[in-house]
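The values are calculated or read from the model by the stated rules, or taken from the named source; none is laboratory data. Worth saying up front: this structure is predicted, and the values here are computed from it rather than measured. In this analysis, Cβ positions are derived from the backbone assuming ideal geometry, glycine residues included, and neighbour counts consider all displayed protein chains.
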């Protein structure tokens, strides 16, 4: 694990040192990890050469767990403790989960149990975030074994239509798994990167992504190294699983089955999925199963019946396609190509419906199971800084759902509309309505409807520390910032006094910072020494990353500092360099803070300079030349 | 570079209603190519925070200037004219009458589920609005009459809202 290459002070480390970064497709049914090796995106296989990792985790009473094929093999035997399709539970309450009566799990609480669902397993109570973290950890270990070093970071893909709670849950899971998240990337966008770069595509493209449990449609404009998402839409609870469910219901009806045991239900759902896959290449699928009672199920499912029982599901995907096109201000004929992504797009009725709508054959030249992971790996490679400026691309993505606030009478006031390019921010002013009021609550929702009750509750923010004034005198400016991961942050400041209000977030379907900290602590206690070593190593990698970033900045823009400032920055680098060789994680963090503080003004001046240059209308490659020659102030 | 410069100055574009749209697109992309958070994903925290602020700023400026109505409202704001969203209802009677007729037509087509009629109304309204934006360009850039422009902008705010309602009605029919 020779990752740390410490250069002599003043000497910059090798500019082409390749940083280990991966793209992870955390799917409903299967997950994958990919990386860029020798300029080529490749999926990393396990020791048996298998690329996919079934997104299945089984928990056993001894506190251990199995992930992937091993867990999948046990799902009919131990359905209660073997969790499949956990992605459907991310950032969701119990009341949100469809077909939960036919699921073999032991959900905690009743219909209106607050917060994200939790499952009782033989290995203890598990949140979907922890279960997803176990999948991500397996992928991280696979990648580190294959690449022979610690990762600097990962791009993790999420459905474009995931709301804030679902995105946050994914990011929390990555954190629990010990991954540094470079970016949450929308799945269709990842596919567009893979397709666009491979085919040097230019023009308007649609990405139709039907996964195991989620559906996304994104309309993108590809031009000269810019991937611009014009609009996105979808359904975060519609996917291949629902087609299985329709077959499952058909089996129950056709075979006149009584209520089933959890084991039988899982068995028949598996048979349903197999029949669906079989029908991609055949006209009739045999379905046979021996139930626990000894009863034999023996049926034939034809393509005609399958098409008929899933007709409404197919139609349900076309609706968001129409909406996304309208949001983009386009007609079906404006779309140059339709990229098909996700295993469920193999179904012939999907291919046909999409072809009919766009009046063209969909593009199937990429492996629908791998394209998202490959695109994510390509983006991770870019974000890790492994590509030279000028040899890169720009990605402009959007938020899928409007963000709004609850106002009087349970109505929603939209603050950031859907399909806004991110990062985006909007400030809103509030006032107090009682004399001496020092706190106020803000309820943030996501969705397109007018009533709060029809939208998704994201979080309640409590602002505290407002200076006491007469009613209506305080002017509290609340800023909503959506970052490049599509995640919302809220800050508040009282305008007349300049007092920063204290914002406490109570996520409606997420985990609080305390809960995450608790889980992190639990997972650390299991493998304490290992975790300590890992944390130290992470700090060392971070420190090295920071030093490299500052060095390369000094190289291109050093003239923005006077001699004195330069000396101080160099000294801070040297201090961090020495500290990073030691074993004290806290000292490394402090030395990093110190270097950050010394370079704060420098960063601002550099940003300023680069914008000035950009606006002077010069091209990026010209800029590089100017940068290396040094520019006048 | 002044973070608080106006949106036109931000992109070094003249402060006019008529817009060199390809130039705006180009400049926006050139700025994002420098400041976007993806360029700083591996950088230190100070760089990442600055990048977030600048990229947000660039998006806001671009979105405001790109659409004609928000561009016009922004120009008026810069000129110190408050178009006051709801508090200025003193619209001429003939304009209000025409508005009522439009709304009735939309409601009828919606109730009758006439998809084509709604599409037709959408198209007609778009054409009508295009003419009004032409007029706005003359008022802003040739006649330099923000007073009159503000009046036209208020009407266009009504019409943009109406256009939204037609689109919503079409969407509702498709669901």
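Quick notes on this structure:
- Any strands (runs of 3 or more DSSP E) falling wholly within the range A:281-345 and containing at least 3 residues that are buried (at least 20 other Cβ atoms within 10 Å of the Cβ): A:337-341
- Selection count where residues are in contact with a helix residue (DSSP H, G or I) (Cβ under 9 Å, 6 or more places away or on another chain), away from chain B (no Cβ under 14 Å) and part of a loop (DSSP other than H, G, I, E, B), scope the range A:363-407: 8
- Residue within the range B:107-115 that is within 14 Å of chain A (Cβ to nearest Cβ) and at pLDDT 90 or above present: no
Residues checked against (1) surrounded by fewer than 21 Cβ atoms within 10 Å (Cβ to Cβ); (2) without any contact (Cβ under 8 Å) to a residue 60 or more places away in the chain:
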site: B:4; (1), (2): yes, yes
site: B:18; (1), (2): yes, no
site: B:26; (1), (2): yes, yes
site: B:48; (1), (2): yes, yes
site: B:56; (1), (2): no, yes
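- Test result for residue A:579, within 11 Å of chain B (Cβ to nearest Cβ), buried (at least 16 other Cβ atoms within 10 Å of the Cβ) and modelled with pLDDT of 80 or more: no
- Test for residue B:55: is it modelled with pLDDT under 95 and within 7 Å of chain A (Cβ to nearest Cβ): no
- Selection count, the range A:421-436, where residues are surrounded by 19 or more Cβ atoms within 10 Å (Cβ to Cβ) and in a loop (DSSP other than H, G, I, E, B): 3
- Checking A:551, A:545 one by one, the residue that is buried (at least 18 other Cβ atoms within 10 Å of the Cβ) and modelled with pLDDT of 85 or more is A:551 and no other.
- Residues in the range B:154-168 that are in contact (Cβ under 8 Å) with a residue 12 or more places away in the chain and within 12 Å of another protein chain (Cβ to nearest Cβ): B:163, B:166, B:167.
- Residues being more than 8 Å from chain B (Cβ to nearest Cβ), touching a strand residue (DSSP E or B) at 6+ places or on another chain (Cβ under 6 Å) and under 17 Å from residue A:485 (Cβ atoms) - total across the range A:408-430: 2
- Filter result (at pLDDT below 90 and not in a loop (DSSP other than H, G, I, E, B)) within the range B:162-175: B:164, B:165, B:167, B:168, B:169, B:170, B:171, B:172, B:173, B:174
- Close pairs from the range A:247-259: first in the same structural domain as residue A:102 (by TED's automatic domain parsing), partner surrounded by 15 or more Cβ atoms within 10 Å (Cβ to Cβ) and at pLDDT 95 or above, Cβ under 8 Å, at least 6 apart: none
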